[in-house]
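Remarks on the structure that follows.
The values are calculated or read from the model by the stated rules, or taken from the named source; none is laboratory data. What you are looking at is a predicted structure, and each value in this text was computed from that prediction instead of being measured. A quick note on method: Cβ atoms are made from the backbone with ideal geometry, for glycine too, and the neighbour counts reach across all protein chains shown.
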Amino acid sequence: MDTEYREYSFGIGGDLREQVTVETSVNTAERGGISEVLSLEAEAKLLGVEMMQGEALLSGKVNYRLLYTDGAGKLCGLDYFKDFETRLVSEDVTADGKWDATLAVIDCGYDVQGDAVTVSAVVDVSLRAYRECKMRGVAAIPDAELLTGRMETERFIGKREFLLDLDKEENVGCLVKKVLLFDTQAVVLSVEEKEDALTVSGEARAVVLYLTEEDIVGEKSFVIPFSQEMEARGKSLVSAAMKNARVVISGDESVSAVEAEMTVSVTVSDLERESVETVKDVFLPAAEAVLVKKTMPAEIFLGETRKRESIAASIALDGADEILIVRPVGLAVAGSEVKEGAIRVEGVASFDVVYKKEESCFSRQGELPFVSEIPFSGAEAGDKAKVRADVIGARGSLTASGADIAAELVLAADLSRLSESALLTDVAEGEARADDGAGISVYFAEAGEDLWGIAKNMGVMPSALLRANPFLAEPLSEAKKVLVFKAK
């Protein structure tokens, strides 16, 4: 038996995940010491990924932003960076493979010993590794009949990065002595595809907490919308991150201006779906076919969607006179469930409320729990969802019993469908087909049986069976008697 083969190429993706604790210590003695920590926020940034055979080396940086009171009770701010590395081991990682990675801080904490403060962050590291798998499969066999089908696969085309320089300046109506805190954030709000163009829209946000010459704490918030149009290439995953940012204080002797300068990185990961024709089964006229098959897993990216909604909660405060700032300090997606037409998401956002009471500063931590359903046309139970979340625009207002806290929740979900396909890699001749000498064969088929299965049960070439029984072009909806006359 002469068998012809061809080489098939499939795209395979594997998800790797790990949680890394990043810790560092800072001595505040030269800054006036530390009395009490009011709030700590940590942000993780990806620096690079090195792909090797069987493992990936990922490097990143955690930016800690600390708000505290010094030994004299004055409000102070501190920015500190700590680099880190982690290795992710998997057979899906290859030296020439492509990747898509995200970092998220899911928890942070601090410990004060004298003038030294130790800050730590738990970073959730998620890496999706893409590789090409080549495999030999059956292409043709003379004098045999082949059942063909299609196998869905997906390839990672590559990543594109667009840098957007944004700035905004505003007068604050007084003289600024120093900046206590400078928080920045970039978030994608919508991705719109028209014809061959992709339009990404979002916002760059900044919060500046400052101290005036009269030692009054002030806050200035900036919201700068952005939009970037690019070429559409298949299915795309879109994200935004703050590349770098700085705050500039300017003005004359009577009034200061605060300017936020930010560079936003918009990253697009492009995926291309491919349908490959393969041989699924073989019918040999003289013998039973012994088949060798390889099962190929596939994860097909269906797309991504976003939803923006308001969340709110109340918190008790002990006689607060003024709310200085509300800072989101943690965000965790507890779980997600895909059902028909939607993705259900549960999670909680943590925040610090920094407030004044009788000229002293205090803080209280609270939570904003959320349960949300993200509409997703075509979603089915059993699909795989990956959800990312951002909290923007946190604010608070005093009440008789404490404070009402509100914020905007931005959810982004990408959906994939898992499947398995069998690739026929080889065929051998088995036992010879027996001939009972009858001139006609009869088979009583059940509902649901199809042409190929009936032909193998009867030992008759599928093409001959179809000519004699045209109704077998589709799987049977009811039981039928199948007849075929044998040529003598």
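Below, the figures for the structure above:
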quantity	calculated
Count - residues of the stretch 364-388 that are assigned to a strand (DSSP E or B), buried (at least 21 other Cβ atoms within 10 Å of the Cβ) and of a type in the set (Gly, Ala, Ser)	0
Single residue of Gly218, Gly202 found to be part of a strand (DSSP E or B) and in contact with a Pro (Cβ under 8 Å, 6 or more places away or on another chain)	Gly202
Verdict on Asp270 being among the charged types (D, E, K, R), assigned to a strand (DSSP E or B) and under 30 Å from Phe156 (Cβ atoms)	yes
Residue selected from the stretch 6-42 under the condition within 24 Å of Phe362 (Cβ to Cβ) and in a strand (DSSP E or B), by the criterion nearest to the chain's Cα centre (by Cα)	Ala42
Residues of the stretch 66-81 classified as buried (at least 20 other Cβ atoms within 10 Å of the Cβ) and either under 19 Å from Ala186 (Cβ atoms) or out of contact with any Lys or Arg (no Cβ under 8 Å at 6 or more places or on another chain) (or both), total	4
Ile454 part of a helix (DSSP H, G or I), crowded, with 18+ Cβ neighbours inside 10 Å and aliphatic (A, V, I, L, M)	yes
Flag for Val345 being under 18 Å from the mean Cα position of the chain (by Cα), of a type outside the set (Asp, Glu) and farther than 21 Å from Cys108 by Cα	yes
Filter pass, Ser363 being within 30 Å of Ala381 (Cα to Cα) and either small (Gly, Ala, Ser) or modelled with pLDDT under 95 (or both)	no
Candidate set: the stretch 334-351, residues that are among the small types (Gly, Ala, Ser) and surrounded by 15 or more Cβ atoms within 10 Å (Cβ to Cβ); chosen: the one farthest from Glu41 (Cα to Cα)	Ala342
Check on Glu41, at pLDDT below 95 and either among the charged types (D, E, K, R) or not assigned by TED's automatic domain parsing to the domain that holds Arg131 (or both)	yes
Answer residue from the stretch 199-220, given it is touching a residue at least 60 places away in the same chain (Cβ under 8 Å) and touching a Lys or Arg at 6+ places or on another chain (Cβ under 8 Å) and is nearest to Asp252 (Cα to Cα) among those	Leu211
Residue in the stretch 224-244 that is touching a Pro at 6+ places or on another chain (Cβ under 6 Å) and part of a strand (DSSP E or B) present	no
Selection status of Glu55, outside the structural domain of Val354 (by TED's automatic domain parsing), out of contact with any Asp or Glu (no Cβ under 9 Å at 6 or more places or on another chain), surrounded by 14 or more Cβ atoms within 10 Å (Cβ to Cβ) and among the acidic types (Asp, Glu)	yes
Residue list for the stretch 300-333, filter: acidic (Asp, Glu), surrounded by fewer than 19 Cβ atoms within 10 Å (Cβ to Cβ) and part of a strand (DSSP E or B)	Glu309, Glu322
Members of the stretch 35-50 found to be among the hydrophobic types (A, V, I, L, M, F, W, C) and buried (at least 21 other Cβ atoms within 10 Å of the Cβ), listed by number	Leu38, Leu40, Ala42, Ala44
Search result, residues across the stretch 82-115 that are surrounded by 17 or more Cβ atoms within 10 Å (Cβ to Cβ), farther than 28 Å from Ser236 by Cα and hydrophobic (A, V, I, L, M, F, W, C)	Phe84, Cys108
